[in-house]
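Contents: one structure, followed by commentary.
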Ligand code: SF4
């Protein structure tokens, strides 16, 4: 390979790609034939499996997804089963994966597929994009992997490999940058081979051109085309995304025990952890006096109160710093407003309900009381 980076100058960029694309594509396809990762959703080219796996893989590592995927497909073997699933059962299957809107959108989309597409996922990207929870990457992945359409699927792996191949140091995290990367892969895509080609790049991105740490360029099938390898600086690409600092929110969690049961309540239907169960919480880190005042306002008669565990949970843009109080209560008179919202759960059965991972420490604590 000769010359410098083909960034910025569109003409040079396309000329360079055109010259090497056939060879590069062949190398990716051969690599995939010989080294494809064994993954349960690859066992059969079922569009439903590809869809579920791609949704699970958003924000979650492959190793974690494998078991979840197997359990999910066993519980809901077809799109119709998913559409008809009881929400509590569905959420339980997703528990621990987080970002519950993903599974809610999966079910919303499944219902549309059953109603409007005879239970079969549409094949083209435009129709896929109309389904809840399916964005550009997922639509491209389903259309190419499951249906063999000549579509690209640009995620972090594709961005990383593209910017390293090109030694491209422009911003690839905004819309224009993503278009640039998508165009790059579209130019390289071998006709009628998108399924294998895209999965080949996914595998190279996940196992060779690593996101964290030195890439294994010595094992890379496309190193002869790689400008950053030639320059000796692959780790400089892609240029990092400007990270937003997480907003810290302090919370006081209340474990309210009554007759060996613990209180949980439903979160609002909109916003963070929408509609899921939580332990009651007071905003801020509050004192024992403030907790007692809060309880008194709600007519709870307190028998015992003690400081509980602390925990921290990271969401994408928010960090919860949680302290807790464990309170044993005796009699109480619930207002109608509260009565409708809360549930008393037997401490021994607390693991049976679906609760966000944010409350893991407190749930474990409540389970110990059985
Ligand atoms: Fe990534 Fe190295 Fe392969 Fe270039 S040669 S694509 S940096 S693994």
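Summed over region 208-237, the residues that are over 25 Å from residue 26 (Cβ atoms) and either near the ligand (Cβ under 8 Å from one of its atoms) or surrounded by 20 or more Cβ atoms within 10 Å (Cβ to Cβ) (or both) give a count of 0. Taking first residues from region 255-267 that are without any contact (Cβ under 8 Å) to a residue 12 or more places away in the chain and partners that are outside any strand (DSSP E or B), the Cβ contacts under 9 Å between residues at least 6 apart in sequence or on separate chains come to 267/273; 267/274; 267/275; 267/276; 267/356. In summary, residue 99 fulfils each of the numbered conditions (1) at pLDDT below 95; (2) in a helix (DSSP H, G or I) with the single exception of condition (2). If you go through region 125-158 and keep only what is out of contact with any helix residue (DSSP H, G or I) (no Cβ under 6 Å at 6 or more places or on another chain) and surrounded by fewer than 17 Cβ atoms within 10 Å (Cβ to Cβ), you end up with 126, 127, 130, 135, 156. Picking from residues in region 69-88 that are touching a helix residue (DSSP H, G or I) at 6+ places or on another chain (Cβ under 8 Å) and more than 16 Å from residue 114 (Cα to Cα), the one that is surrounded by the most Cβ atoms within 10 Å (Cβ to Cβ) is 72. Residues being near the ligand (Cβ under 10 Å from one of its atoms), more than 26 Å from residue 51 (Cβ to Cβ) and crowded, with 22+ Cβ neighbours inside 10 Å are entirely absent from region 200-207. On the given criteria, is residue 288 without any contact (Cβ under 8 Å) to a residue 24 or more places away in the chain, surrounded by fewer than 17 Cβ atoms within 10 Å (Cβ to Cβ) and touching a strand residue (DSSP E or B) at 6+ places or on another chain (Cβ under 9 Å)? Here the answer is no, as residue 288 does not meet what is asked.
Note on region 42-68: residues that are in a helix (DSSP H, G or I) and either buried (at least 18 other Cβ atoms within 10 Å of the Cβ) or touching a residue at least 24 places away in the same chain (Cβ under 8 Å) (or both) amount to 17. Counting the residues of region 304-335 that are touching a strand residue (DSSP E or B) at 6+ places or on another chain (Cβ under 7 Å), in contact (Cβ under 8 Å) with a residue 24 or more places away in the chain and loosely packed, with under 12 Cβ neighbours inside 10 Å gives 4.
Residue 123 fulfils the conditions (1) assigned to a helix (DSSP H, G or I); (2) at pLDDT 95 or above except for a single criterion, (1).
The values are calculated or read from the model by the stated rules, or taken from the named source; none is laboratory data. Everything quoted here is computed from the prediction, not taken from an experiment. Note that each Cβ is placed from the backbone with ideal geometry, even for glycine, and that neighbours are counted across all protein chains shown.
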